[in-house]
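Here's the structure, in structure tokens; my notes come after.
The values are calculated or read from the model by the stated rules, or taken from the named source; none is laboratory data. Source: prediction; values computed, not measured. Methodologically, a virtual Cβ is constructed for each residue, glycine included, from the backbone with ideal geometry; neighbour enumeration extends over all protein chains shown. The accessibility values were calculated without ligands, DNA or RNA, using every heavy atom of the protein model including side chains. Shrake-Rupley method; radii C 1.70, N 1.55, O 1.52, S 1.80 Å.
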Amino acid sequence: MTMGRSRRRIVCLGCWVFGVVSLLSTPAAPAAPAKAGQDLGQVGNKLANPLSSLWALSASFNAPQLFDGDLNSGDPEVGGLMVFEPVMPIPLFGEGQDQWRLITRPVVPVIFSTPIPKGPDRFDHQGGIGDIQLPFLLAPSDRISGHFILGAGPIFQFPSATSDDLGQNQWAMGPAAVVGYKTEKMTLGVFPNYFWKIGSAGQRAATPDVSQMSLLYFFNYSLPDAWQIGFNPTISYNHRAPSENRWNVPVGLYVGKTVRVGKLPINVKVGGEYSVVSPDAFGQRFQFRVQITPVIPSLIANPIFGR
């Protein structure tokens, strides 16, 4: 990919983001503004909690992404992807403050373009589907957890990548947990998970067995009129990589707002992340993110095992 084409893509993305920001800045309808803003603000704060009871369809557009390292002596390589993450909290038993839930939120990476190193200053840009992850998190009732956010369970990784360079060709699983704290205006916590290989699916000899971690750390603060500010980067660690290439530690910030389109609440976040620690050889240095999350009606309203 030449830098000319990269710049054109960035300009097009900038035009699209300007439209999104303009939409967020459009004044709300004057009818009952305080009540509507309060309700939408509560929706935005709940969406920041990975274990909330809201069903939602989250799509995060991470573009442009900038990659760099010792293997690249020129301008940073450019990539982009979309992460589709439907959030499905399934009520198990009880209701209201006494309800236990099983939260599953498959993570489906749709890669528009990503640079694959083939040697010094040699990169092959590829796109397709990456490896899908699927956690199952058991969350106790709010009466038990109170202001704390607590949940744990297994997480699985499937060899769904459409090419060898976009995945690891392995089945993997491990533990996942969410620990945090919430108030009326603030939500914060961590969501770590770890994967180990449990089976091969055409794994290449040069591909090491999976032993890796990711850790989402999040903070959200509600502002007036359903605006919010916070961060939600994901730290990654690959135990099989050389010591200087194991970690990617991004820091970031977003500004968001929850709006209503018809009867559908939609949360939109715009922000960026910069990696303060990244692989020496080659890895992600920066990404711009636009996250769009419509809230949908619950597809399973009644507890599976009764009230």
Rounded if a/c under 1.5, otherwise prolate or oblate - region 68-138, Cα gyration tensor axes: prolate
Please work out the FRET efficiency for the pair D209 and I116, using the Cβ-Cβ distance as r and a Förster radius of 22 Å; give the result to the nearest 0.05. 0.60
The chain - mean residue ellipticity at 222 nm from DSSP helices (-39,500 (n - 2.57) per run, n ≥ 4, rounded to 500): -4500 deg cm²/dmol
Give me the accessible area per residue for the chain, probe 1.4 Å, as a whole number in Å². 49
Determine the distance separating the Cα centre of region 196-251 from the Cα centre of region 35-107; give it in Å without decimals. 14
When the dipole is taken about the Cα centre of region 69-222, and only Lys, Arg (+1) and Asp, Glu (-1) are charged at their Cβ, what size is it in debye, to the nearest 20? 400
About the Cα centre, charge dipole magnitude for the chain (Lys/Arg +1, Asp/Glu -1 at Cβ), debye: 680
Residue among V108, Q168, S275 farthest towards the positive dipole end of the chain, charges placed on Cβ: V108
Dipole magnitude of region 109-176 about its Cα centre (Cβ charges: Lys, Arg +1; Asp, Glu -1), debye to nearest 20: 180
Can you send over the solvent-accessible area of M88, 1.4 Å probe, protein chains only, in Å² to the nearest 10? 60
Accessible area of region 85-146 belonging to carbon and sulfur atoms, whole % at 1.4 Å probe: 60
What residue among F148, V43, F67 has its Cα farthest toward the positive end of the dipole of the chain, where the charges are +1 on Lys, Arg and -1 on Asp, Glu, each on the Cβ? V43
